[in-house]
Amino acid sequence: MRLRTPSPRSLAAFSVLVISFAVFGIQLRTLYTVPVFDSVRWGGDETWLTREFVNQAEHGSLIYPESFGEPVRTNGVLAGSMWGNALVYGVPGIIFFPRFDYVSIGRTVTALLSLVLIGSLYLICRRLGVSPLLSAASVALMVLSQGFVWASHSARYDLVTGLVLLWYCYYLSKIEKQTLWQMAIAGAAGIFTICFSPHLLTLAFGATIVFLFVHRMWKRPSTLLAWLAGVITAVVLLAIAYVIGSGEFSLFGRGGTAGIFTFVLREVPILRPFSRNVQTSNLLERFHLFQTDMPGMLLLLFAVLVMRLAYKLRQRQLRRRGTRLLVVSTQSQRFFLWCGVVCTFSWLLMEGSRPYYLFHIAPLLLIGCVIALELWNEVFASRWFGEWGALLVMIAAIALGMSHAIPSAVLGEAIARDRQAAISRFLREATIDSSRKSRILFDVAGLDRALTDTSRGVLTLDMFQPPANAEALIQKLHSNRMDYVVLRSSPVGSAFEPGRMLLPRVLVSIGEVRDSALGFFYDDGRSYDVSLIRLIDEGLDTLRLYRIQPSNCSNSDGSVVGN
């Protein structure tokens with residue numbers, strides 16, 4: 001039996017895939033250094049989120065362990081039902097902590113999920129009828145972008161959000177018979193997506209709207225009722241699980257002002273639809289986000305729009321001659337194209353413009369663009385600008401963003417080295433003459449390493465929320481019986497909250513500096529692309545260990561206010 005010789009296109013597709021996965025492997029060399037742990041890009045969220053997922057896996061409630069004398073903050077059933085993340089992030093955290101820090105564990109999980117994402121991207125493209133070469137090129141465009149490096153090198157669930165949305169849309173696109181069981185499962189699946197991200201409340205809703213419209217569900221009462229039954233069942237199950245874990249029921253959470261919704265809703269553009277400044281600023285921020293993290297996607301979107309316009313003009317021209325030019329697309333392809341449009345509008349108007357939200361929509365948007373290129377290729381298969389035009393667009397898009405595909409590790413390695421030396425020394429010195437653990441309030445810089453020392457009570461400044469009033473700040477420090485505080489100062493970055501700016505002066509008045517270290521401790525105000533000499537010229541950070549003098553303003557029974 002003769003073996004069939006692979007075609008040049010198949011060999012090219014295979015080569016592109018191999019190169020893409022090789023680049024992904026090279027990127028993983030900086031998984032634990034670039035960006036730095038709890039980077040300013042997400043403001044300490046890595047340790048914060050992983051500890052919350054661990055707490056949900058252990059105790060059933062998505063809350064941070066310490067409350068600092070304030071009511072326990074809950075996230076509500078809409079944002080506090082991330083049972084999927086409790087499984088994939090929280091369970092490994094329980095198993096491997098404190099042998100490994102929370103951020104290292106979380107980033108390892110995200111790296112594995114990144115591999116699943118790029119594999120899913122190729123698999124779904126092929127199942128949707130996209131050619132092997134364009135499917136492989138879509139993987140290359142994803143991997144060879146700076147945004148993918150940031151998303152895959154973080155202990156956050158942003159990449160998981162895009163992955164779940166992708167498979168949810170694919171599952172809906174394959175439903176054809178519309179049996180009652182299929183409709184019920186589809187309804188439940190739309191609700192259960194929030195087990196991985198509260199952002200899927202709006203993103204998955206866009207795909208659900210497309211699904212209901214495509215199948216004209218309002219014309220089939222029985223299937224619509226089956227779908228609603230699935231939705232209601234999922235809502236009830238999540239509500240019961242939330243009540244069992246949190247001991248209360250609320251949609252948006254209660255017991256504090258730092259809940260997810262109260263913090264994020266202020267940035268949602270759709271809440272101010274008639275503000276020209278808000279909408280203009282939102283569009284400019286999204287454009288800048290694509291421009292810096294995934295510029296190839298901008299070029300791809302522009303090319304697809306131009307191709308669509310060219311197709312319409314050609315269609316009109318031929319219609320005048322009595323000839324029809326028609327794109328023959330499958331139901332699944334049309335469904336994905338509509339999902340790409342509707343979910344993108346949902347992303348634009350119903351989410352904040354934070355940089356790490358890009359990969360909520362990027363995978364779905366990329367597949368939509370590739371499908372459009374494949375349809376262009378089929379319509380103009382006999383013309384030189386058919387297949388080659390689509391490939392040239394993908395090559396240009398890949399080339400536009402590939403310069404930042406391999407991040408520089410100079411800053412990340414310097415910060416990891418300096419943190420390790422300083423934090424280890426500070427923890428050895430942070431002792432008290434008491435049977436209880438010493439309590440150390442930690443800046444975000446080095447928090448991940450400090451938490452692995454379980455012989456100390458390490459607390460995070462992000463959750464402490466220092467008051468902007470000196471008297472209230474001193475009272476809060478003493479009432480929570482803080483013994484030490486570790487703070488960072490930098491010549492290129494500064495605290496932006498009044499309470500944090502006030503904290504160093506207050507600590508000098510009620511304590512003393514026990515130790516300090518010079519080096520690179522955080523990436524605020526710094527660039528990952530500059531050389532070590534340039535970083536040194538900018539100036540070194542200072543990390544200080546403050547000892548707070550004991551006060552008799554703590555509780556008379558010696559108890560600690562807070563958890």
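Quick grid of which residues meet (1) modelled with pLDDT of 90 or more; (2) over 30 Å from Leu503 (Cα atoms):
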residue	(1), (2)
Trp338	yes, yes
Cys343	yes, yes
Leu348	yes, yes
Ala362	yes, yes
Val379	no, yes
Ala430	yes, no
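Can you name the residue in region 440-498 that is under 25 Å from Arg419 (Cα atoms) and among the hydroxyl-bearing types (Ser, Thr, Tyr) and, of all such residues, is nearest to the chain's Cα centre (by Cα)? Break it down stepwise before answering.
Residues of region 440-498 that are under 25 Å from Arg419 (Cα atoms), as a first pass: 440-466, 477, 482-497.
If we keep only those that are among the hydroxyl-bearing types (Ser, Thr, Tyr) too, we end up with 452, 454-455, 460, 484, 489-490, 494.
Numbers: Thr452: 24, Thr454: 28, Ser455: 32, Thr460: 21, Tyr484: 32, Ser489: 27, Ser490: 27, Ser494: 25 Å.
Out of the qualifying residues, it is Thr460.
When region 121-136 is examined, which residues are found to be in contact with a helix residue (DSSP H, G or I) (Cβ under 6 Å, 6 or more places away or on another chain) and part of a helix (DSSP H, G or I)?
Passing the criteria: Leu121, Tyr122, Ile124, Cys125, Arg126, Pro132, Leu133, Leu134, Ser135, Ala136.
Go through region 115-160 residue by residue and tally those that are over 15 Å from Phe14 (Cα atoms), of a type in the set (Val, Ile, Thr) and in contact with a Phe, Trp or Tyr (Cβ under 8 Å, 6 or more places away or on another chain).
The qualifying residues number 3.
Report whether or not Ile423 is under 30 Å from Glu267 (Cβ atoms) and of a type in the set (Val, Ile, Thr).
On the way: under 30 Å from Glu267 (Cβ atoms): no; of a type in the set (Val, Ile, Thr): yes.
Answer is no for this residue.
Go through region 264-282 residue by residue and tally those that are at pLDDT 85 or above, surrounded by fewer than 13 Cβ atoms within 10 Å (Cβ to Cβ) and part of a helix (DSSP H, G or I).
Adding up the residues that qualify gives 3.
Would you be able to say whether some residue in region 185-199 is of a type in the set (Ser, Thr, Tyr), under 21 Å from Ser114 (Cβ atoms), outside any helix (DSSP H, G or I) and out of contact with any strand residue (DSSP E or B) (no Cβ under 8 Å at 6 or more places or on another chain)? Even if it seems obvious, please write down each step before you answer.
Step one: of region 185-199, the residues of a type in the set (Ser, Thr, Tyr) are 193, 197.
Pick out the ones that are also under 21 Å from Ser114 (Cβ atoms) and you get 193, 197.
Add one more test, that the residue is outside any helix (DSSP H, G or I), and what stays is 197.
So of that shortlist, the ones also out of contact with any strand residue (DSSP E or B) (no Cβ under 8 Å at 6 or more places or on another chain) come out as 197.
The answer is yes, given that some residue of region 185-199 is of a type in the set (Ser, Thr, Tyr), under 21 Å from Ser114 (Cβ atoms), outside any helix (DSSP H, G or I) and out of contact with any strand residue (DSSP E or B) (no Cβ under 8 Å at 6 or more places or on another chain).
What pairs can you find where one residue is in region 348-360 and closer than 16 Å to Tyr157 by Cα, the other is part of a helix (DSSP H, G or I) and of a type in the set (Ser, Thr, Tyr), and their Cβ atoms are less than 6 Å apart, with a gap of 6+ or different chains?
Listed by first residue and then by second, the contacts come to Glu351/Tyr357; His360/Thr161.
Filter region 39-63 down to the residues that are β-branched (Val, Ile, Thr) and assigned to a helix (DSSP H, G or I), then identify the one that is farthest from the chain's Cα centre (by Cα). First the steps, then the outcome.
First pass over region 39-63, keeping only residues β-branched (Val, Ile, Thr): 40, 47, 50, 54, 63.
Imposing the further condition that a residue be assigned to a helix (DSSP H, G or I) reduces the set to 47, 50, 54.
On the way: Thr47: 13, Thr50: 12, Val54: 17 Å.
Within region 39-63, the match that is farthest from the chain's Cα centre (by Cα) is Val54.
Check off (1) part of a helix (DSSP H, G or I); (2) closer than 30 Å to Asn377 by Cα; (3) not hydroxyl-bearing (Ser, Thr, Tyr) for Ala151 and give me the number that stays unchecked.
Among (1) part of a helix (DSSP H, G or I); (2) closer than 30 Å to Asn377 by Cα; (3) not hydroxyl-bearing (Ser, Thr, Tyr), the lone unmet condition for Ala151 is (2).
Can you spot a residue in region 132-141 that is under 30 Å from Asp45 (Cα atoms) and within 20 Å of the chain's Cα centre (by Cα)? Give the steps one after another, and end with the answer.
Step one: filter region 132-141 for residues under 30 Å from Asp45 (Cα atoms), giving 138-141.
Within this subset, residues satisfying the condition of being within 20 Å of the chain's Cα centre (by Cα) are 139, 141.
Checked against the condition, which is being under 30 Å from Asp45 (Cα atoms) and within 20 Å of the chain's Cα centre (by Cα), region 132-141 yields at least one hit.
Where the second residue is surrounded by 23 or more Cβ atoms within 10 Å (Cβ to Cβ) and aromatic (Phe, Trp, Tyr) and the first is at pLDDT 95 or above and in a helix (DSSP H, G or I) and lies in region 105-116, which pairs have Cβ atoms under 7 Å and are six or more apart or on separate chains?
Listed pairs, sorted by first residue: Gly106/Tyr89; Val109/Tyr89.
Of all residues in region 219-244, count the ones that are charged (D, E, K, R) and assigned to a helix (DSSP H, G or I).
Our first condition is that a residue be charged (D, E, K, R); within region 219-244, this holds for 219-220.
Now drop any that are not assigned to a helix (DSSP H, G or I), which leaves 219.
Number of matching residues: 1.
Just a yes or no: is a residue in region 56-63 assigned by TED's automatic domain parsing to the domain that holds Val149 and modelled with pLDDT under 90? Let's see the steps before the verdict.
The initial filter retains those residues of region 56-63 that are assigned by TED's automatic domain parsing to the domain that holds Val149, namely 56-63.
Then keep just the ones that are modelled with pLDDT under 90; that gives 63.
Yes, there is a match, as at least one residue in region 56-63 is assigned by TED's automatic domain parsing to the domain that holds Val149 and modelled with pLDDT under 90.
Could you list, in sequence order, the residues of region 481-537 that are at pLDDT below 90 and acidic (Asp, Glu)?
Glu497
The values are calculated or read from the model by the stated rules, or taken from the named source; none is laboratory data. Since the structure is predicted, the reported quantities are computational estimates derived from the model, not experimental observations. So basically every Cβ, Gly included, is an ideal-geometry build from the backbone, and we count neighbours across all protein chains shown.
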